[in-house]
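The values are calculated or read from the model by the stated rules, or taken from the named source; none is laboratory data. Because the structure is predicted, anything quoted here is derived from the model rather than measured. We place every Cβ from the backbone using ideal geometry, glycine too, and count neighbours over all the protein chains shown. Remember, those area values only see protein heavy atoms, side chains included, never the ligands or the DNA or RNA. Shrake-Rupley method; radii C 1.70, N 1.55, O 1.52, S 1.80 Å.
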Amino acid sequence: MPHSWRVLALAALSSFSMMIPVAAQAQTENTSKTSTATTHHKVRGDAAIQDRIEHRLATDSDVRNYDIDVKVSSGVVTLNGAVATDGQKATATRLANVSGVTKVDNDIKVDKDVDRTLTERAKSGLTKKGEAITDAWITAKVKWFYVGEGSLKGSDITVDTNNHLVTLKGTVATAAGKTRAIELAKETDGVSGVDDHLVVKAEPAKTKATY
């Protein structure tokens, strides 16, 4: 009996010691999963913030012509590039302050010669970033402008580009939306003209159910 008791006791201790690492491992795995999910959520949030800021910069009349780089990490925005005036630099800071941003580090340089550089690029058929302007690039850029434009909510627009001439077809909800769609297309780098076939078609009013 004493020998059997010792065997049972050792077996119990062995089982208990095996349970501790398993529980610890499970806790570690859960912590790791939570940490990974949080990281992915932050990355998605940063990407959404970056896209929104880039859209605001690209459609603002004061700074849209300038090559401003945007990076976002855990809600902290860093701006780089060059503009012509201090006022334009301040405008970039204001536009970068969107929901979810905790801080804006504006490292944009004020360069009095930047407009001349951009003009030379445009004459060479290049974007402000130095990319070649093609019909496909123009179409993609115009569509990107439309996705983030509040005045075009509820619109259904087809964009085609041929030899830098943009053709717009489809429907928009308001006359103001139509005006804005044409304006954004005309302001896109490399566009020689806009052929407008948009139709204003307001969404039908919702009727209240009667009982």
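With the structure loaded, tell me whether Val70 is modelled with pLDDT of 95 or more, of a type outside the set (Gly, Ala, Ser) and more than 19 Å from Lys186 (Cβ to Cβ) or whether it fails that test.
yes
In region 78-96, which residues are touching a Lys or Arg at 6+ places or on another chain (Cβ under 7 Å) and closer than 19 Å to Asp115 by Cα?
Ala82, Val83, Ala84
Answer yes or no as to whether Asn65 is open to solvent by 40 Å² or more (accessible area, probe 1.4 Å), touching an Asp or Glu at 6+ places or on another chain (Cβ under 9 Å), assigned to a strand (DSSP E or B) and of a type in the set (S, T, N, Q). Talk me through it step by step, then tell me what you get.
Values: open to solvent by 40 Å² or more (accessible area, probe 1.4 Å): yes; touching an Asp or Glu at 6+ places or on another chain (Cβ under 9 Å): yes; assigned to a strand (DSSP E or B): no; of a type in the set (S, T, N, Q): yes.
Taking the combined requirement at face value, the residue does not satisfy it.
Only residues that are touching a strand residue (DSSP E or B) at 6+ places or on another chain (Cβ under 8 Å), among the hydrophobic types (A, V, I, L, M, F, W, C) and open to solvent by 40 Å² or more (accessible area, probe 1.4 Å): list them for region 71-100, please.
Scanning region 71-100 gives a single hit, Val76.
Checking Ala136 against (1) among the small types (Gly, Ala, Ser); (2) out of contact with any strand residue (DSSP E or B) (no Cβ under 8 Å at 6 or more places or on another chain); (3) open to solvent by 70 Å² or more (accessible area, probe 1.4 Å), which single condition isn't satisfied?
(2)
Could you check, for region 143-151, whether at least one of its residues is closer than 19 Å to Glu54 by Cα, without any contact (Cβ under 8 Å) to a residue 60 or more places away in the chain and among the polar types (S, T, N, Q)?
Checked region 143-151: at least one residue is closer than 19 Å to Glu54 by Cα, without any contact (Cβ under 8 Å) to a residue 60 or more places away in the chain and among the polar types (S, T, N, Q).
Go through region 80-94 residue by residue and tally those that are on the phi < 0 side of the Ramachandran plot and in contact with an Asp or Glu (Cβ under 6 Å, 6 or more places away or on another chain).
Residues that pass the stated criteria total 5.
Is it the case that Glu131 is over 19 Å from the mean Cα position of the chain (by Cα), at pLDDT below 90, surrounded by 11 or more Cβ atoms within 10 Å (Cβ to Cβ) and of a type in the set (Asp, Glu)? If you could, list the steps in order and put the result at the bottom.
Details: over 19 Å from the mean Cα position of the chain (by Cα): yes; at pLDDT below 90: yes; surrounded by 11 or more Cβ atoms within 10 Å (Cβ to Cβ): yes; of a type in the set (Asp, Glu): yes.
The answer is yes for Glu131.
Identify the residue in region 87-116 that is among the polar types (S, T, N, Q) and part of a loop (DSSP other than H, G, I, E, B) and, among all such residues, is farthest from His55 (Cα to Cα).
Thr102
Within region 65-83, how many residues turn out to be closer than 18 Å to Gly130 by Cα and free of Cβ contacts under 8 Å to residues at least 60 places away in the same chain? If you could, list the steps in order and put the result at the bottom.
Just the residues of region 65-83 that are closer than 18 Å to Gly130 by Cα, to begin with: 65-70, 80-83.
Retained after the next criterion (residues that are free of Cβ contacts under 8 Å to residues at least 60 places away in the same chain): 68-70, 80-83.
Result for region 65-83: 7.
Only one residue in Val147, Val166 is β-branched (Val, Ile, Thr) and at pLDDT 95 or above, so which one is that? Before you say what the answer is, go through the steps one by one.
Numbers: Val147 fails: at pLDDT 95 or above.
The conditions single out Val166.
Looking at the structure I just gave you, is Lys128 among the charged types (D, E, K, R), touching a helix residue (DSSP H, G or I) at 6+ places or on another chain (Cβ under 6 Å) and outside any helix (DSSP H, G or I)?
yes
On the given criteria, is Val194 touching a Ser or Thr at 6+ places or on another chain (Cβ under 9 Å), open to solvent by 70 Å² or more (accessible area, probe 1.4 Å), part of a strand (DSSP E or B) and of a type in the set (A, V, I, L, M)? Walk me through it before giving the result.
Numbers: touching a Ser or Thr at 6+ places or on another chain (Cβ under 9 Å): yes; open to solvent by 70 Å² or more (accessible area, probe 1.4 Å): no; part of a strand (DSSP E or B): yes; of a type in the set (A, V, I, L, M): yes.
Spelling it out, it is not the case that Val194 is touching a Ser or Thr at 6+ places or on another chain (Cβ under 9 Å), open to solvent by 70 Å² or more (accessible area, probe 1.4 Å), part of a strand (DSSP E or B) and of a type in the set (A, V, I, L, M).
From the list Thr93, Thr119, Thr102, which residue is within 20 Å of the chain's Cα centre (by Cα) and without any contact (Cβ under 8 Å) to a residue 24 or more places away in the chain?
Exactly one of Thr93, Thr119, Thr102 is within 20 Å of the chain's Cα centre (by Cα) and without any contact (Cβ under 8 Å) to a residue 24 or more places away in the chain, namely Thr93.
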